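For reference, the structure is listed below as structure tokens.
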Amino acid sequence: MGSQTNELHQPILQPTTPPPPSTGAHSSSTELENILSDTQLPFSTRLRLAGWLELKLLFRFAGPAVMMYLINNAMSLSTRIFAGHLGNLELAAATLGNSGIQLFVYGLMLGMGSAVETLCGQAYGAYKYEMLGVYLQRAMLVLTLTGIPMTVIYLLSKKILLLLGESTAVASEAAIFVYGLIPQIFAYAINFPIQKFLQSQSIVAPSAYISASTLVLHLVLSWVVVFKFGLGLLGASLVLSLSWWIIVGAQFIYILVSDKCKATWTGFRMEAFSGLWGFVKLSAASAVMLCLETCMGINGILFMVSVGFNAAASVRVGNELGAGNPKSAAFSVVIVNLVSFIIAVVEAMVVLSLRNVISYAFTSGETVAKAVSELCPFLAVTLILNGIQPVLSGVAVGCGWQAFVAYVNVGCYYFVGLPIGCVLGFKFDLGAKGIWSGMIGGTVMQTSILIWATNRTDWNKEVEKAKMRLDKWDDIVTQPLLKDSIDAGEAGINGASH
């Protein structure tokens, strides 16, 4: 009886969970660290073996991630194309509503969701699988609450646009478009945490397949609603909101039924309501960091390639730090930046070669086509910068540097880029070219600071910081579990005594 009592009183600090089927990434990560640490191998051999292994790990993740973000952006782009075929006013309204208001909320929600990326990525690398589901639920709760004030902004969009100097006609049509995007706010609040939850486990392909299938459905529904039912801008934006909710529902079903998520999703937990303030602070820093970058990513659909590599960098670095592999984390930073930069240069070359025909995908107006052609060199420079800067931001997310990068972004954009852009654009009458030049200047400064900070990083210390961060957040979850275990033990003893 004494042994039974001791057994019942034994606290269960962490639920035991079997490793998920996707732990092949863990074994590859260990192999990479072993290769980089093997000083008996010639440097060139280590570089070749480690480079090939890292490229396999990177493209296994980055390929589907880039496709997913491209497809999701293509849904928004196709909506604007449908609006453009309704008329120039409708195109202007949809573009303004998308770039001026909706993009702000997209960046905010995506940024807040990156807090999940930091915690889940490091927890997965450290084999603390049960923590991922709690982080996911906590993020969904925080982002959903954030969606409430965002809804107020959408409802006041006409007044906001009028205050910013837009004409009444454009502001009125843009507001109608934005009203239909209100349900999309809360789809973002659920979607981005789910995406980060899956990405931290290197589960990306299912989300890409879901997005691709939804895009086909979105195109069909948009055509029917806009042209057959004649619902115009409001119909187009409502279909876009519906499509995002379809993605959310399909991804959540995947989490529930997939064997790959059995260890990381254990159902809804009350622990998700604890430690919210700390999560809010991390999410707020993440939001400031990524929201500015997304809103400045005016090159649209091509920027999504950078967002995909941003996610890849975050997951690779986070997983390696959580697993205690400092050399692998540092090596991943070099490889993902190199690959992303090469792709960005190719994109810039393609844009410059097609500068005279790009705009005709959206409108047949020659005036717009000429203006786009003149701005394409600025776009090319921005694309090249986006081959580095978002990836370094992904590294920052993987390390948990959101607060530092938030300060850097605010300083570079608001105290350097924006003032320079305003002076060039309005004082020297350079218009869009001047404003864009200021933004490029801010991005150059930001990128330089991130390169400097990353180059000075002590990756052994980052491993220790990741362990301390996980221990801190782990306590928030395990304390309720400890209490439940003790209560269960006492209940068992009382039952035995009766």
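The values are calculated or read from the model by the stated rules, or taken from the named source; none is laboratory data. Everything numeric here is computed off the predicted structure, so don't read it as measured data. Here Cβ is always computed from backbone atoms with ideal geometry, including for glycine, and neighbour counts include all displayed protein chains. Please note that ligands, DNA and RNA were not included when accessible areas were found on the heavy atoms of the full protein model with its side chains. Shrake-Rupley method; radii C 1.70, N 1.55, O 1.52, S 1.80 Å.
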Using the Kyte-Doolittle scale, which helices in the chain average at least 1.6 and also have C-alpha atoms spread 24 Å or more along the helix axis, with helices defined as whole DSSP H runs? 232-257, 326-353
Taking the Cβ of L375 as the center, what net charge do the other residues with Cβ under 11 Å away carry, scoring Lys and Arg +1 and Asp and Glu -1? +2
How large, in Å, is the range 381-472 by the Kirkwood hydrodynamic radius built from its alpha-carbon pairs? 14.4 Å
What does the convex hull of the Cα atoms come to per residue for the range 55-173, in Å³? 125 Å³
Which one, A123, G308, T146, is farthest towards the positive end of the dipole of the chain when Lys and Arg carry +1 and Asp and Glu -1 on their Cβ? G308
Probe 1.4 Å, heavy atoms of protein chains only: per residue, the accessible area of the chain in Å² is 43 Å²
Would you mind pulling out the separation of the Cα centroids of the range 192-235 and the range 46-89, in Å? 14 Å
What whole-number volume per residue, in cubic angstrom, does the convex hull of the C-alpha atoms of the range 85-134 give? 94 Å³
Of the listed pairs K196/K433; K128/K327; K128/K461; K56/K196; K281/K461; K56/K433, which have alpha-carbon separations greater than 30 Å here? K196/K433; K56/K433
Where a ≥ b ≥ c are root eigenvalues of the Cα gyration tensor, a/c under 1.5 meaning rounded, otherwise prolate if a/b exceeds b/c and oblate otherwise, the range 141-254 counts as oblate
How many percent of the alpha carbon pairs in the chain exceed a separation of 28 Å? 55 percent
For the range 41-121, would you read off the P(r) tail past 15 Å as a percentage of all alpha carbon pairs? 73 percent
How big is D for the range 228-274, in µm² s⁻¹ as a whole number, if Stokes-Einstein is applied with the Kirkwood radius of its Cα pairs at 20 °C and 1.002 mPa s? 159 µm²/s
Starting from 0 in steps of 5 Å, tell me what percent of the Cα-Cα pairs of the range 427-473 lands in each bin. 5, 18, 12, 12, 12, 10, 9, 8, 6, 6, 3, 0
Rg to Rh quotient for the range 200-315, alpha carbon positions, Kirkwood Rh: 1.03
When only alpha-carbon atoms are used, what values of Rg and Dmax, in angstrom, describe the range 320-445? 17.9, 57
Can you order the peptides 440-450, 158-168 by their average number of other Cβ atoms within 10 Å per residue, highest first? 440-450, 158-168
Quick check on packing: order 303-313, 456-466, 318-328 by the mean number of other C-beta atoms within 10 Å, highest mean leading. 303-313, 318-328, 456-466
Surface share of carbon and sulfur [accessible, 1.4 angstrom probe, percent] for the range 399-479: 66 percent
Kindly rank 93-103, 393-403, 121-131 from highest to lowest mean number of other beta carbons found within 10 Å of each residue. 393-403, 121-131, 93-103
